[in-house]
1. Any residue that is under 18 Å from LEU72 (Cβ atoms) and out of contact with any Gly (no Cβ under 7 Å at 6 or more places or on another chain) - is there at least one of those in segment 115-129?
2. Could you grab me the full set of residues in segment 77-86 that are of a type outside the set (Asp, Glu) and over 10 Å from HIS215 (Cα atoms)?
3. For segment 132-155, does any single residue satisfy the condition of being crowded, with 19+ Cβ neighbours inside 10 Å, more than 28 Å from ASP63 (Cβ to Cβ) and more than 18 Å from the chain's Cα centre (by Cα)?
4. Filter segment 179-228 down to the residues that are among the basic types (Lys, Arg) and not in a strand (DSSP E or B), then identify the one that is least open to solvent (accessible area, probe 1.4 Å).
5. Say we look at segment 128-173 and pick out the residues that are in a loop (DSSP other than H, G, I, E, B) and among the β-branched types (Val, Ile, Thr); which of these is farthest from SER100 (Cα to Cα)?
6. Determine which single condition ARG148 fails, assuming it passes every other condition in (1) touching a strand residue (DSSP E or B) at 6+ places or on another chain (Cβ under 6 Å); (2) more than 24 Å from MET205 (Cβ to Cβ).
7. Among the numbered criteria (1) touching a residue at least 12 places away in the same chain (Cβ under 8 Å); (2) closer than 18 Å to VAL169 by Cα; (3) touching an Asp or Glu at 6+ places or on another chain (Cβ under 6 Å), which single criterion is violated by PRO116?
Amino acid sequence: MKKILAGSLLVLIFTGTAVAKKSVEPRAVPTEAGVYRAEPVPVDAADLRELLELKEMYIQKYDLSGIRDTTLQVTLRIDEHFGRDSVRTVREMAMGDVFSPWDSTGLTSLKLFFVPRTDSAAMLYCNLEGRMQVGTLLKFRKAEPDFRRYNTYRPKSFKTEGMKAGEKVPVAFFGAFWYDAELSKRFGGEPAYRFCMERRMDTDMHNEAFVRMPHYWVVYIGLEKREK
């Protein structure tokens, strides 16, 4: 049975192209009337990102270098949501101090790597650069309407919010496409699926996607006073 990912097509074609779009001077210069030459050009980071996403591998990166308070540590929490009203915390831990006395370094960045393992699971690696990396297994759920195949998942970032000591803010989520019965009718009854099209999501999670998504994980980071 053919599976139609309406949202995925938009993500891969429009959003993906927008990420990879760059200003390049034309190189197909005519050598003679009506004859053109395709010149090879260097591959850049946007091209590599596009290649990874074709394999359903995703990277999100966040700059933490502005956090300077040496009395603080960075914490991590990952919540798994089943629809809008059911949630459980699957990981909560301290990841590292803002300042490391061992090598006299401050924070630089947080990186999230989403790496597929099988058609039913992926690994989420949270890397606090220079401090710690921890992996969490994300087990997928099967998709409507017949629940015969596992759902398709994508990550998105949240809009940037200020953060104070004692607070946690969501930075990213990894969510499932949702089945759209009305859209399926336009494709002759073939199952069709959508995904959120916003570039970044609201931190209060009032976007329609959080009502529609049947399953998703939210990654939070926080700041707390470090242990002495």
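1. Here is the first cut: in segment 115-129, the ones under 18 Å from LEU72 (Cβ atoms) are 126, 128-129.
Cutting the leftovers down to out of contact with any Gly (no Cβ under 7 Å at 6 or more places or on another chain) gives us 126, 129.
There is at least one residue in segment 115-129 that is under 18 Å from LEU72 (Cβ atoms) and out of contact with any Gly (no Cβ under 7 Å at 6 or more places or on another chain).
2. Residues of segment 77-86 of a type outside the set (Asp, Glu): 77-78, 81-84, 86.
ARG77, ILE78 - these are the residues of segment 77-86 that are of a type outside the set (Asp, Glu) and over 10 Å from HIS215 (Cα atoms).
3. Yes, that holds for at least one residue.
4. Taking segment 179-228 first, the residues among the basic types (Lys, Arg) are 185-186, 194, 199-200, 212, 225-226, 228.
Then keep just the ones that are not in a strand (DSSP E or B); that gives 185-186, 199, 212, 226, 228.
Numbers: LYS185: 139, ARG186: 180, ARG199: 189, ARG212: 127, ARG226: 94, LYS228: 235 Å².
Looking at the filtered set, the residue picked out is ARG226.
5. Residues of segment 128-173 that are in a loop (DSSP other than H, G, I, E, B), as a first pass: 129-131, 140-141, 143-149, 151-152, 159-167.
Subset that is among the β-branched types (Val, Ile, Thr): 152, 160.
Working: THR152: 39, THR160: 25 Å.
That would be THR152.
6. For ARG148, the exception is condition (1).
7. Result: PRO116 fails condition (2) only.
Condition check ((1) out of contact with any Ser or Thr (no Cβ under 9 Å at 6 or more places or on another chain); (2) open to solvent by 80 Å² or more (accessible area, probe 1.4 Å); (3) assigned to a loop (DSSP other than H, G, I, E, B)) across all residues:
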residue: ALA38; (1), (2), (3): yes, yes, yes
residue: PRO42; (1), (2), (3): yes, yes, yes
residue: ALA46; (1), (2), (3): yes, no, no
residue: LEU51; (1), (2), (3): yes, yes, no
residue: GLU56; (1), (2), (3): no, yes, yes
residue: LYS61; (1), (2), (3): no, yes, no
residue: GLY66; (1), (2), (3): yes, no, yes
residue: THR70; (1), (2), (3): yes, no, yes
residue: GLN73; (1), (2), (3): yes, no, no
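The values are calculated or read from the model by the stated rules, or taken from the named source; none is laboratory data. Keep in mind the model is a prediction, meaning the values are calculated, not measured. A quick note on method: Cβ atoms are made from the backbone with ideal geometry, for glycine too, and the neighbour counts reach across all protein chains shown. With ligands, DNA and RNA removed, areas are computed over all heavy atoms of the protein, side chains included. Shrake-Rupley method; radii C 1.70, N 1.55, O 1.52, S 1.80 Å.
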